[in-house]
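The values are calculated or read from the model by the stated rules, or taken from the named source; none is laboratory data. This one's a predicted model, so the numbers in the text were calculated from it and none came from an experiment. Cβ placement follows ideal geometry from the backbone for every residue including glycine, while neighbour counts extend to all protein chains displayed. In case anyone asks, the SASA skips ligands and DNA or RNA and just uses the protein heavy atoms, side chains included. Shrake-Rupley method; radii C 1.70, N 1.55, O 1.52, S 1.80 Å.
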Amino acid sequence: MTSNTGPGAAAFDAVVLAGGRAARLGGADKPGVRVGGRALLDRVLAACSGATTTVVVAAPRPTARPVVWAREEPAGGGPLAALDAGLRRTAADLVVVLSADLPFLRGQTVRGLVAAVGSGDGALLTDPEGRDQPLVAVYRGASLRRELARLAAGDRARAGSGLAGLPLRLLTERLDLARIAEPLAVFDCDTWDDIAAARARIREHGHVVLDEWISAVKDELGIDLDVDTGALLDLARDAAHGVARPAAPLTTFLVGYAAGLAGASGGPQAVAEAARKAAALAARWAEEAEGAGGAREAEQGAAGAPPAPGTPPSGPGTPADAAPDAASSSPQADPAAPTTPAAPATPADENPGAR
């Protein structure tokens, strides 16, 4: 059982119908078929996680969230018999009723249904053709019990077997229901083509894939925590750009670890505070790196500046204040002056007096 209703929200219980023969799936275990890495049943349980009590009408199985189990009489007696069995385990005034094969149902949709009840008997979604979907709905518990009792009594009067085998459409004929059109939320998986379409759809857009992945990870780890994913992505970006790319995953891990040390009382606020501190640190780190780069550029600029006029250049191994050499200080010859041929050299051993 869970209790995640927000402040001011109406309390509700939930009944999820997860039985049936799945004939169009060849008798496969439809609630256990995975879409986006999660069983269809677990996806629906995540959408109604705000329920005070969640009842699943089916044979017990491992689930990502704690639930209460119920079975219809007779087994395989149809949706109305299953709904009656689940309703007996609820106590809230409002009861959300869902099938277990809705891969795109979201908690926001469930909360919208609860808010739409008003003074009527409930609210349900309609499909793209405008047809009622009574297994994606919320009802007043009293209204459901009244209609189920009426249908069971009428069937017995006709020598029937109560609710077993009766069509689901009979349930809503006399109820005052609000109707909401939300085509994606009512998409259900009756065939393998539906399963394939659902698996492909969640990978169509980047943000959808990310949301699906985060939900799958939270379910896998048993985490029931809503955090600002945008802030965490911004932090990862800042750490990657301002520090180094490997800093991104490590920083977000440390933020989660710090929030975990805060305990259950921390919640999303602990994550937000840890992310804020880490983001501020990443900003300081980046500013310091930019400052160091500017200092290096100034130093390199000073070293490469041209010498002042009149200052002799200095080279490797030559002192900057060395005097100019003699060749450079002697007067230069005038190219226009006449030249005198040099006298022949006299041999060193020749005797000038003998000639």
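Structure data summary
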{"read-out": "Helices (runs of 4 or more DSSP H) within the stretch 173-243 that include 2 or more residues open to solvent by less than 50 Å² (accessible area, probe 1.4 Å), under 29 Å from ALA137 (Cα atoms) and not β-branched (Val, Ile, Thr)", "value": "192-201, 206-221"}
{"read-out": "When residues of the stretch 53-86 are limited to those that are touching a helix residue (DSSP H, G or I) at 6+ places or on another chain (Cβ under 6 Å) and aliphatic (A, V, I, L, M), the one nearest to VAL33 (Cα to Cα)", "value": "ALA64"}
{"read-out": "Of residues in the stretch 162-172 being out of contact with any helix residue (DSSP H, G or I) (no Cβ under 7 Å at 6 or more places or on another chain) and either surrounded by 14 or more Cβ atoms within 10 Å (Cβ to Cβ) or part of a loop (DSSP other than H, G, I, E, B) (or both), the one modelled with the lowest pLDDT", "value": "GLY165"}
{"read-out": "Any hit, the stretch 14-26, residues being in a loop (DSSP other than H, G, I, E, B) and more than 30 Å from LEU151 (Cα to Cα)", "value": "yes"}
{"read-out": "Tabulated pairs, the stretch 8-31, first modelled with pLDDT of 90 or more, second charged (D, E, K, R), C-beta under 7 angstrom, 6+ apart or interchain", "value": "LYS30/ASP101"}
{"read-out": "Flag for GLY130 being open to solvent by less than 30 Å² (accessible area, probe 1.4 Å) and either at pLDDT below 95 or on the phi > 0 side of the Ramachandran plot (or both)", "value": "no"}
{"read-out": "Only one of ALA283, ALA248, ALA272 that is part of a helix (DSSP H, G or I), in contact with a helix residue (DSSP H, G or I) (Cβ under 6 Å, 6 or more places away or on another chain) and on the phi < 0 side of the Ramachandran plot", "value": "ALA248"}
{"read-out": "Residue match in the stretch 100-109 (condition: in contact (Cβ under 8 Å) with a residue 12 or more places away in the chain and surrounded by fewer than 17 Cβ atoms within 10 Å (Cβ to Cβ))", "value": "yes"}
{"read-out": "Output for the stretch 38-56, where each listed residue is in contact with a Ser or Thr (Cβ under 7 Å, 6 or more places away or on another chain) and not hydrophobic (A, V, I, L, M, F, W, C)", "value": "ASP42, SER49, GLY50, THR52, THR53, THR54"}
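Matching residues to (1) open to solvent by less than 10 Å² (accessible area, probe 1.4 Å); (2) under 21 Å from ASP226 (Cβ atoms); (3) touching a His at 6+ places or on another chain (Cβ under 7 Å):
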site: ARG24; (1), (2), (3): no, no, no
site: ASP29; (1), (2), (3): no, no, no
site: PRO66; (1), (2), (3): no, yes, no
site: LEU83; (1), (2), (3): yes, no, no
